[in-house]
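The values are calculated or read from the model by the stated rules, or taken from the named source; none is laboratory data. Everything numeric here is computed off the predicted structure, so don't read it as measured data. Every residue, glycine among them, receives a Cβ derived from its backbone with ideal geometry; neighbour counts consider all protein chains shown.
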Amino acid sequence: MDLGLPRDGLVDVLYIDDDNYQVGDRVSCYLDCFDEMKNKFILRPSGQVPLAERLRRARERRDHSS
């Protein structure tokens, strides 16, 4: 994604689900982090739960069911 910055951004596939993005679309996102290996900003679309939060919730559900 063109962020208007020296480096591009990308929406991690973990956040795409069944979303459909087309070239030229404008997308509202949150900056999750900068991936030094990919040299890109990792973005999370608004309305999507951060991956760390998803994992925490999954652990809590697993712990409560034990």
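For the reader, a short list of remarks on this structure follows.
- Contacts under 8 angstrom Cβ, first residue in the stretch 11-31 being under 11 Å from S46 (Cβ atoms) and assigned to a loop (DSSP other than H, G, I, E, B), partner hydroxyl-bearing (S, T, Y) and modelled with pLDDT under 80, 6 or more apart: V27/Y21
- The lone criterion from (1) modelled with pLDDT under 85; (2) under 19 Å from L3 (Cα atoms); (3) touching a Leu at 6+ places or on another chain (Cβ under 9 Å); (4) not aromatic (F, W, Y) left unmet by L14 is number (2).
- Test: residue in the stretch 34-43 that is over 10 Å from the mean Cα position of the chain (by Cα), of a type in the set (A, V, I, L, M) and assigned to a helix (DSSP H, G or I): no
- The stretch 34-48, subset loosely packed, with under 11 Cβ neighbours inside 10 Å and not small (G, A, S), residue farthest from L5 (Cα to Cα): M37
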